[in-house]
1. Restricting attention to the stretch 1-67, which GluC sites (Glu not before Pro) occupy a DSSP loop and are surrounded by at most 11 other Cβ atoms within 10 Å?
2. Take the alpha carbon gyration tensor of the stretch 273-393, find the square roots of its eigenvalues, order them as a ≥ b ≥ c, and report rounded if a/c is under 1.5; if not, report prolate when a/b exceeds b/c, else oblate.
3. Restricted to Cα positions, what overall size does the stretch 675-755 have along the principal axes? Three whole-Å values, descending.
4. Quote the charge dipole size of the chain about the Cα centre in Debye, to the nearest 20; the model charges only the Cβ of Lys and Arg (+1) and of Asp and Glu (-1).
5. Which shape class, rounded, prolate or oblate, goes with the stretch 565-619 when its Cα gyration tensor gives a ≥ b ≥ c as root eigenvalues, a/c under 1.5 marks rounded, and past that a/b bigger than b/c marks prolate?
6. Positive end of the charge dipole of the chain (Lys, Arg +1 and Asp, Glu -1 on Cβ, about the Cα centre): tell me which of 100, 118, 39 has its Cα farthest that way.
7. Mind checking the stretch 54-120 for GluC sites (Glu not before Pro) that DSSP puts in a loop (not H, G, I, E or B) and that have at most 16 other Cβ atoms within 10 Å?
8. Once you order the gyration tensor axes a ≥ b ≥ c over the Cα atoms, which shape class does the stretch 2-144 get: rounded for a/c under 1.5, otherwise prolate or oblate by comparing a/b with b/c?
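Bear in mind these aren't lab numbers, they're just calculated from the coordinates by the rules spelled out. Bear in mind the structure is a predicted one, so any value in this text is a computation, not a measurement. Here the Cβ positions follow ideal geometry from the backbone for every residue, glycine too, while neighbour counts run over all protein chains shown.
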Amino acid sequence: MKTLIIAEKPDMGRNIAAAIEPKAKNLRSYLEGEQYIITWAIGHLIELAEPDQYDDKYKKWNISHLPIIPEEFKLIPNPRTYDQLKVIAELAKKCDQLVNACDAGREGQHIFSLIQRHLGLKQPVKRLWISDLTSETIRNGFATLKDGSEYENLTRAARSRSEADWLIGMNGSRAFTTKHNVLLSVGRVQTPVLALIYDRQKQIEAFSSLKFYELEGYFTQGDTTYRGMWQGDRLTDQPKVEALAAKVKGKPARIISYEVKETKEYPFKLYDLTLLQREANGKYAFSAKKTLDTAQALYEKHKVISYPRTNSNYVTEQNIPEMHKSLSALQGTAYHELVQGANRNLVHKNNKNICNPSKVEDHHAILPTNRKASGLTPDEQKLYDLIVRRFLSQFYPPAEYKVHTVMTEVEQEMFKTTVKELLHLGWKVIYADQKKEKPKSTKGKEKEEEEDEEVEVSEPFSIDAQGQVVCSDAVVKEKDTQPPKHFNEGTLLKAMESAGKQIEDEELRDAMKDSGLGTPATRAATIERLKKVGYIDMQGKKIVLTQKGRMAVELIRGAGIELLTSPEMTGQWERRLNEISRGTASDEQFMHNVKRFATLIVDKVRVQPRASKTAFEGETPPAGGNKRGSTARASSSASSSSATKTKAAPKKSAESKTSPSDGASTFLATCPRPGCGGSLFMGRKGYGCSHYKEGCKFVIWKESFGRNLTDTQVQALVNKGKTTKLKLVLSDGTAADGRIVLKNIDTGELGTETE
């Protein structure tokens, strides 16, 4: 009898056939050769049954029927791919051995396991575990097939993950939806990710910007001029800083200390999927899903990169010869000159920045294969270019710098200068033609502030520590403290990877990889799910919480189920699943805890007050945020009785865009239109007059000149005719400092005064 090979997708099956059974007959849904029959799943052929498959009463969502905790989970075929499942069942009858050739990871293992369980396949199983789809790798993989029993723990982890997600999602979603009469989606991973976005949004809304001042001193010694930053507490008093500038300008100075040290910057680490998604988002605005889909095409269709769904930035000793082959394969391509400049001696098994087997579990870092790329789409080419350049940089030496640190004193005031002098470009030559877009390393706020003081130069720099110096100029710069930034998909992926912890240290980030939110393969789908259910919107690259998303988090926390929104706790669950896959934790104990938690969710929601339906209405706030956050007032705390009041947003009507609605508006000021006598209230899009039915057309739109106006700013416009000085975006798109002014007292039309 023959051996049946089950791949995950048709392309993968055909690649395998081409490598090991090149003369196999193509019979549409499978290929048959002398020794092997090769067929495939089409994604998930088998799914966990919906609740109504257990009992008809579950067809109607009712909180009294919860929790739903099956004794044994039922499996049902996906009706859209049922024909392919029947093909596999028939082919299996003709074979005495199976090869699991699904993706080499937890989900691939799960797809095969579900088919095996549902069809009751009893044949012995071998496992193909490879990291790219070149013919050479496939043949080597078949020469070293593993016994299927070696992956039993991974199967248990995959099954636990699937059933845990069902229990939390099904019970949580039904409980919150039936209690609050609004479709609310709850999930083991998606809910804590939503909570991350919610917490960031609240920080932005609570932020109040403050002006401060920096003093730059310019010092001259002979033909050399260098800049120094004044050292001291943050300056918020403009007259004081102006006096400091006048005090030091034109005065003799002396160098208190001058230190020079040489530093090296090594190439950035090879890509794992999350890092690739983050950088593709930053450079090309690719969504996480787009990067994953594009990388999958480069892997499956073009076979020019290794398996992309990896969480490792390193390779093993076995990969080192492959890296050298891939380097040679890039000769004669657009990267030929960079290959010529490569130093092969730098990539070896003792280079721990590259080769670290202890940090490679299922798959090594993403690498180009030894196959030449052709026929790539523009987006595929962009992603391939990122991967190839990162790979090539490993064959180049570190960039070398001299860092000059100068402390200069003038009139008893101290100024610090940091000059980073380039000695050798090293690996950065790889990015010399795209300098502005070179990869960015992970830096915290403090490092960013330090870099503001740092000047990078390519020409030699030196000063005489004993020589005379003059403060030739002193410049005052006005700055504003900045709110936390909205997440984009890149920064959200970073937060998911570390379960929300702001971890800047790369070693610690590596340690957190086992306890992040989701896996590299599922994080993109989680973000897409949050979009689909209406919890987040995209404003450009920024992720912004919707009113529905805001209320979902507040209701979950208000019910006393903080655990469900906790990134750290979900990260610990992910760690436990990884431990199950290694055989160091019990899947039975894990599932017991999940079932208890699903029951707890239902019990807490059952006694929660019902929220008003209008609490879920309201516009997504502009991504710019504001000082005090009018949207913060638009949502009530779900933990208090206010969650049941119609406080969140105006009811939808033809007039709701500017008019007050029941219980939703706040009195701000008297309408300034002569003879009106009405009152201004905050509506969904603007501040309108209560006499709108009598014909008053006065309205101030919330979003004006790049600002989301606050109540205080609107009151200033009405009472004083102008706001305080703000950062504005003018009608032609240029940024400017200025004031917003009330241009037309009859209509509320606004204008600007700029300096």
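1. Hits after loop and neighbour filter: 34.
2. Oblate is the answer for the stretch 273-393, as a/c is 1.5 or above yet b/c matches or exceeds a/b.
3. Between the extreme Cα coordinates on each principal axis of the stretch 675-755 lie 38, 23, 21 Å.
4. For this selection, approximately 2460 debye.
5. Oblate is the answer for the stretch 565-619, as a/c is 1.5 or above yet b/c matches or exceeds a/b.
6. Projecting each Cα onto the dipole axis, the largest value belongs to 118.
7. Taking the stretch 54-120 and a limit of 16 other Cβ atoms within 10 Å, the loop GluC sites (Glu not before Pro) found are 71, 72.
8. Prolate.
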